[in-house]
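See below for the structure under consideration.
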């Protein structure tokens, strides 16, 4: 029996044929979906945002805020604490850096990003010195997981910031204030070297004065001889003195590398559980050769040959991320978090060995099949990459 | 001149097996994927110390090397089986109707019948008869349809001819009166997204039969390990692949495939395309309107887009047993009527119907020692999410997620207090990562009228083939196998 004869004999087949006939006459035309899927995705998660710098504001002697507005359409929403990856062409080298958005998500007209001068800050210094109002920039869509998650963070929050690590918290604090989320209680503890270094001090003080559920404590590590506020580092004792009962609280940390090392120990000594601590990712370590597991025999200055599948060959230093070496040689690969977390730059290593610092977020099977995250991978041998 | 014998659009399950099928036959193939990772649904992501499985719950069609299921046979022929570690699940599922029913069904016919009879003693007889029907029907379906018996007839395969297009609800009603029993028995309808009153009995019977006969499985390293293995095999076989490379256009010349244009504007010539993008997007978004076959557009009118999903991925800082989880697959519902539950998929009200998978229950190493990995899934259509203003989207998403966690916390008290990592995915998230219209996870609604008898994987355009959920049923096994089938079709045409 041919398939059609079989079908004809199955109970109910004719009904289905008739149903299809009717639907084909009166059903909706799928042509109306042209472009719809892509538009809907882009409204929340565009690959690229075209921006204009509308304003540059001095925050402190070493920090500036760039206010960015959309060149077309509306800016996509973000969750307070998220970042955008900002692209730049600096002296012919195309690269990018992720910056937390410091403005409130309730302010839908612009994104503020606040940048502080750092030593050898190739990209940050470019944004601080070269960029002026009217300049055009391109960024990724907002991304990142360092934000309040109502599924499990609760409403009793402690924000621990260090230096320019204040930026995601600035957004979160304003969000709570702007939306009147009075059930969400926050204590922001902000460590800086000296008083002139504190970014957003007046605005944070003002918000804390006006909102009972928001507290703000700046802590100065190198205070003048006479200083009334909190001094030193953010220690277990300081946390206990300021916060009272720690058990219901969720702690968020964002700051320089050294602050994580110090504060995580302090939190551990207070018996805070892992699930109560949220850490913002940070870029490549300052000195990768000091990281645990770095092979002693490899010097950061050592150079290796990296062969690409497209036939190109470049040299890469052991102490520099592969992504930076690639960009220096005019090869741009997809980048977003530049911290080993998002896996956008995931690349197959065809031969050779690389070093990933602890905490790189590589999937188990990606490890098994030889994938690396070049944004935080360092060459330890000559390499071949599938790029 | 062609640059490639075959171009495959999309590295989802079907796209990967299609590309590999073609490459292993010695043909020049290029696989294009808009995302940066292969797999589509078959992938994972990391939060904190957890690597979350995105979509695989119970892999069907595997069986054992001695008694291989259909999917194992395909993976064998593609040369990837030895790169994978399969983990068998002893149970079909645990069904929890909070406060009323809590029953675990073994993936073994006699044990399953026995367990159901214990829980529903009044229906002892109908339970056995129903399972007999499932088995006899499935055997007839395999003999008559899958084996293409030339003498297939109503007389030879009476159950198949009677029940194939009947709906699951009618058959359950025919055998049982107890609404709890009907609910527990029919829960696998969730794996197709079609409520019992619409689900073809043939889809249900063959699924239950196959899960019992070939057992549900998981994979060490999750479904990403399967995707990575398939991709690795493709590269080994000489296939090319480009990630972050979306196809913007399919070029057609006088009714024949001529090539593709990528988002970067590269034009790549080929006479054969296997599309793992949906049929809808392949035509509507990638082709000039004058090239779209009228009969395909007409056929689209008979179709509706199927559900997407709302998923919560949880990393817990306790062993599963500590909160009472002891089975990998758990269906939790307070809504006995599947049709009512499915009606609520089209609203933003949480409808008390979900599935909870705990991967630690299918073997170690799915999360660090002393922790567990859990995924809570419910089906959701994208339409109500379109109405949410973009700036309220996250609030709505978290509100929905919290009601789902609260509901599961009733079945597993303490769940909420052990959450160390959590990520929620709405239909819009599915849409973002899969590129599917309306974030559909199973393709179009899998009603009887949309089954393989009415939807073809070969386009009227010469050289265009389809793979994936839109030309078969949704799920891992069907989509993986559909790629093999599409690859074979393309190879046959290449020979001509």
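Every read-out reported here was derived from the displayed coordinates using simple, explicitly stated rules and does not represent laboratory data. Computed from a predicted model, the values in this text were never measured in an experiment. Note that each Cβ is placed from the backbone with ideal geometry, even for glycine, and that neighbours are counted across all protein chains shown.
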Exercise. Taking a temperature of 20 °C and a viscosity of 1.002 mPa s, what whole-number D in µm²/s does Stokes-Einstein yield for the protein assembly as shown with Rh from Kirkwood over alpha carbon pairs?
Worked result: 73 µm²/s
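What shape does the range A:330-387 have by the C-alpha gyration tensor, where a ≥ b ≥ c are the square roots of the eigenvalues, rounded means a/c under 1.5, and otherwise prolate means a/b greater than b/c and oblate the rest? Working shown, then result.
On the way: a/c = 1.41, a/b = 1.09, b/c = 1.29.
Rounded, since a/c falls under 1.5.
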Exercise. What fraction of the Cα pairs in chain A, stated in percent, has a spacing above 37 angstrom?
Worked result: 33 percent
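Translational diffusion coefficient of the range A:257-310 at 25 °C, 0.890 mPa s, Stokes-Einstein with Kirkwood Rh over Cα pairs, in µm²/s as a whole number.
Working: Rh = 14.6 Å.
It diffuses with D of about 168 µm²/s by this estimate.
Considering the convex hull of the alpha carbon atoms of the range B:157-219, report its projected area averaged over all viewing directions, in nm², one decimal.
Numbers: hull surface 20.0 nm².
Computing the convex hull of the Cα atoms and averaging its projections yields 5.0 nm².
Report the convex hull volume per residue for the range B:446-491, counting only C-alpha atoms, in Å³. The partial results should precede the final answer.
On the way: hull volume 2.8 nm³, N = 46.
Output value, Cα hull per residue: 61 Å³.
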Problem set entry | Cα-only radius of gyration and Dmax that characterise the range B:71-132, units Å | 16.9, 50
Exercise. How compact and how long is the range B:210-334, expressed as Rg and Dmax of its alpha-carbon atoms in Å?
Worked result: 21.4, 65
Exercise. What would the Debye formula give as log10 I(q)/I(0) at q = 0.10 Å⁻¹ for the alpha-carbon point model of chain B, no solvent?
Worked result: -0.76
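Please compute the average number of Cβ atoms from other chains found within 10 Å of each residue's Cβ in peptide A:3-15. Kindly include the intermediate steps, with their values, before the conclusion.
On the way: counts 4, 1, 2, 12, 5, 0, 7, 12, 8, 9, 5, 1, 3.
Across A:3-15, the average partner-chain Cβ count within 10 Å equals 5.
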Exercise. Over its Cα atoms, what ratio of radius of gyration to 2.2 N^0.38 Å does the range A:285-341 give?
Worked result: 1.22
Exercise. So how far, in whole Å, is the C-alpha centre of the range A:1-22 from the one of the range A:270-304?
Worked result: 65 Å
Seminar exercise, completed: Averaged over residues of B:438-446, the number of beta carbons from other chains lying within 10 Å of each residue's Cβ is 1
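Any chance you could list the semi-axes, whole Å, largest first, of the equivalent ellipsoid that the Cα gyration tensor gives for the range A:54-164, using √(5λ)? Kindly include the intermediate steps, with their values, before the conclusion.
Values: eigenvalues 123, 60, 36 Å².
Listed largest to smallest, the semi-axes of the range A:54-164 are 25, 17, 13 Å.
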For this session: Please list B:178-189, A:301-312, B:292-303 highest first by mean number of surrounding beta-carbon atoms within 10 Å per residue.
Result: B:178-189, B:292-303, A:301-312
Exercise. Cα gyration tensor of the range A:273-387, axes a ≥ b ≥ c as square roots of the eigenvalues: rounded (a/c below 1.5), prolate (a/b > b/c) or oblate?
Worked result: prolate
For this session: Using only the C-alpha atoms of the range B:256-311, find the volume of their convex hull and express it per residue in Å³.
Result: 118 Å³
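Let me have the relative contact order for the range A:65-134, percent, based on Cα pairs under 8 Å that are six or more residues apart.
Working: 94 pairs, mean separation 22.2, N = 70.
Reported as a whole number, the value is 32 percent.
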For this session: Along Cα→Cβ, 7 Å out, is where each label goes; now give me the distance between the ones at residue B:85 and residue B:267 in nm to one decimal.
Result: 5.0 nm
For this session: Set the Förster radius R0 to 35 Å, insert the Cβ-Cβ distance between residue A:136 and residue B:288 as r into 1/(1 + (r/R0)^6), and round the FRET efficiency to 0.05.
Result: 0.60
Exercise. In chain A, what % of DSSP beta bridges are antiparallel (nearest 5)?
Worked result: 60 percent
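Per the Kirkwood formula on distinct C-alpha pairs, the Rh of the range B:404-496 is how many angstrom?
Every distinct Cα pair counted, the radius reaches 16.2 Å.
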Exercise. P(r) of the range A:114-241 in 5 Å steps, Cα pairs, percent per bin?
Worked result: 2, 9, 17, 18, 19, 16, 11, 7, 2, 0
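I need the per residue convex hull volume for the range A:208-264, using only the alpha carbons, in cubic angstrom as a whole number. Let's see the in-between values first.
Values: hull volume 6.9 nm³, N = 57.
Dividing the Cα hull volume of the range A:208-264 by its residues yields 121 Å³.
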For this session: With the cut-off at 16 Å, report for the range B:349-450 the share of all Cα pairs above it, as a whole percent.
Result: 65 percent
For this session: Quick one: work out Rg over Rh on the C-alpha atoms of the range B:44-148, Rh as Kirkwood radius.
Result: 1.06
For this session: Specify the inter-centroid distance of the range B:12-88 and the range A:316-333, based on alpha-carbon positions, in whole Å.
Result: 32 Å
